[in-house]
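Working notes, structure below.
Every number in this text was worked out from the coordinates using simple rules, so none of it is lab data. Because the structure is predicted, anything quoted here is derived from the model rather than measured. Glycine also receives a Cβ, built like all others from the backbone with ideal geometry; neighbour counts cover every protein chain displayed.
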Amino acid sequence: MLVSIDKRGSISLPSAVRKDLGLKPGTFLDLTILDGGNLSLTPVAVFPTVRLSESGLVKLNEARQSGVELMPDWLREEMADAATEAD
């Protein structure tokens, strides 16, 4: 399948390819240069992360002890790992 590079350096994936692979606007692709100059595009999932300072971790622990949970599940999961992630 032949595609071209536009003046901005972008390529367009044909709609049939996007449909077959389930690629939607906003999908992230990892570009790898393989031996011989071949290119590989692999869809990847990108998840938001939350990084807290020391004072932020103190406030987070206070909030956890309050017993009130009004935050979305993904944020609570990030908060559970916040103190264990390396910089």
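Which of the trypsin sites (Lys or Arg not before Pro) found in the chain are loop residues per DSSP with 10 or fewer other Cβ atoms within 10 Å of their Cβ? Let's see the in-between values first.
On the way: sites: Lys7, Arg8, Arg18, Lys19, Arg51, Lys59, Arg64, Arg76; in loops: Lys7, Arg8, Arg51.
The qualifying sites are Lys7, Arg8, Arg51.
What longest range of the chain stays clear of loop-exposed GluC sites (Glu not before Pro) (DSSP non-H/G/I/E/B, at most 14 other C-beta within 10 angstrom)?
Details: sites that count: Glu69, Glu85.
Longest stretch, sites excluded: 1-68.
For the residue pair Arg64 and Val44, what label-to-label distance in nm results when each label sits 7 Å from Cα along the Cα-to-beta-carbon direction?
Simple spin-label model gives 2.9 nm for this pair.
Residue by residue through segment 39-46, which ³J(HN,Hα) values in whole Hz follow from phi under the Karplus form 6.51 cos²θ - 1.76 cosθ + 1.60 (θ = phi - 60°), with glycine and proline marked x?
Going residue by residue, I get 10, 10, 10, 10, x, 10, 8, 10 Hz, with x marking Gly and Pro.
Using a Cα-Cα cut-off of under 28 Å, which lysines could be cross-linked to Lys7, ignoring same-chain neighbours fewer than 8 residues away?
Reachable lysines: Lys19, Lys24.
Tell me, what HN-Hα J-couplings in whole Hz come from the Karplus equation 6.51 cos²θ - 1.76 cosθ + 1.60 at θ = phi - 60° for each residue of segment 7-23, using x for Gly and Pro?
The phi angles translate into 5, 8, x, 8, 10, 10, 7, x, 4, 4, 5, 4, 5, 4, 8, x, 7 Hz.
Using the Karplus curve 6.51 cos²θ - 1.76 cosθ + 1.60 with θ = phi - 60°, work out ³J(HN,Hα) for each residue of segment 71-79 in order, rounded to whole Hz, and write x for Gly and Pro.
9, x, 4, 4, 6, 5, 5, 4, 5
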